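Before any comments, here is the structure.
The values are calculated or read from the model by the stated rules, or taken from the named source; none is laboratory data. Computed from a predicted model, the values in this text were never measured in an experiment. Cβ coordinates were reconstructed from backbone atoms using ideal geometry, including for glycine residues, and neighbour counts include every protein chain displayed. Protein only, heavy atoms only, side chains kept; ligands, DNA and RNA dropped before computing areas. Shrake-Rupley method; radii C 1.70, N 1.55, O 1.52, S 1.80 Å.
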Amino acid sequence: MLTLYVKTGCPFCAKVKNVIAELELEDKIEEKNLADDGMLEELLEKGGQQMVPFLVDADRDVSMYESADIIAYLKEHYAA
Ligand SMILES: N[C@@H](CCC(=O)N[C@@H](CS)C(=O)NCC(=O)O)C(=O)O
């Protein structure tokens, strides 16, 4: 299960979302927007920093900030 925390208007999030679309991973990734109730608290609890994008890969027990790292991780582990 993959979760991506994003914020509307965030260019770094858009960059990650473009790659998710390219890799056709939309169905595998739950997107959570900081604008929604409780999401900022959840992000801080899981990542410790108020920054997006933030990816959580629960199956691999991996989480990370930084769009470039997230893109590299998705390409390495989830490209078809
Ligand atoms: N180097 C980071 C930059 C991420 C970044 O600056 N994100 C902004 C939104 S575009 C952010 O989370 N700012 C703090 C906030 O909005 O509260 C990356 O490439 O992911």
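The table that follows gives values for the structure above.
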{"item": "Enumeration of residues in region 45-68 that are loosely packed, with under 14 Cβ neighbours inside 10 Å and over 19 Å from M1 (Cβ atoms)", "result": "G48, Q49, Q50, A68"}
{"item": "Qualifying positions in region 32-74 - in a loop (DSSP other than H, G, I, E, B), away from the ligand (no atom under 11 Å from the Cβ), in contact with a strand residue (DSSP E or B) (Cβ under 8 Å, 6 or more places away or on another chain) and free of Cβ contacts under 8 Å to residues at least 24 places away in the same chain", "result": "none"}
{"item": "Top-ranked residue of region 7-22 - restricted to ones that are open to solvent by less than 80 Å² (accessible area, probe 1.4 Å) and assigned to a loop (DSSP other than H, G, I, E, B), ranked as nearest to the ligand (Cβ to nearest atom)", "result": "C10"}
